[in-house]
Amino acid sequence: MKANDAQGNPVPSIRRGNPQDASLLAELGARTFTETFAADNSPQDLAAYISKAFNPVRQLSELNDPASTFLIAEIDDTPVGYAQIYAGTPEPVIQGAKPVELVRLYLSRAWLGRGLGDALMRASIDHALAAGYKTLWLGVWEHNARAQAFYRKWNFRAVGHHVFQLGSDAQTDILMERAL
């Protein structure tokens, strides 16, 4: 039996990803990325990016990287989204103390607007704080207004831009950060 929050939204269980989740994350990442961005990008660029970013070998490598953490949200044991946090070198415009990157926060389209993004963000912030980080930063596509509004709601502010390569298309991501 699933629990609901005060607004009646299901409360996901959130667990840390492990190497056995490589295929799951490859499928979930490819599906959620396609659901979100297929309408605004060429099929060729989308396919090129997905084959590079969301294959089981790449996911296994990221899962085995000690600098990378995956948080998987499940409803009734069904994966519905995930967040990826990466403790690498931040973009030069990131000025906050001891930063860590929120690389991805992806949800299946069917679960958008039901509080699961908030649950994943809270889990990401809690993980970053527990690991001693002071700043969370991310890149978000300049044309993804829904995600930008979500991040602003969580007190992220724009601090710069960088190029995100989607196949042959060089796109602009807005870099955002927030203190933890």
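Quick notes
- Relative contact order (%) - the stretch 1-137, alpha-carbon pairs under 8 angstrom, separation at least six: 26
- Annotation: amide H-H contacts under 5 Å for Q171 (H modelled 1.01 Å from N, sequence separation of 5 or more, or interchain): F164, Q165, L166.
- Accessible area of the chain belonging to carbon and sulfur atoms, whole % at 1.4 Å probe: 53
- Inter-centroid distance (Cα atoms) of the stretch 34-99 relative to the stretch 119-138, Å: 16
- Shown for the chain are the DSSP H helices of 18 Å or more along their axis, judged by Cα atoms, with a mean Kyte-Doolittle hydropathy of at least 0.5: 116-130.
- Per residue, the solvent-accessible area of the chain (1.4 Å probe, heavy atoms of protein chains only, all protein chains present) comes to 50 Å².
- Structure-derived Kirkwood radius over Cα pairs in Å: which label, when the choices are (i) 16.7; (ii) 18.1; (iii) 19.3: (i)
The values are calculated or read from the model by the stated rules, or taken from the named source; none is laboratory data. All values derive from a computational prediction rather than experimental measurement. These area figures cover heavy atoms from the full protein model, side chains too; ligands, DNA and RNA do not enter into them. Shrake-Rupley method; radii C 1.70, N 1.55, O 1.52, S 1.80 Å.
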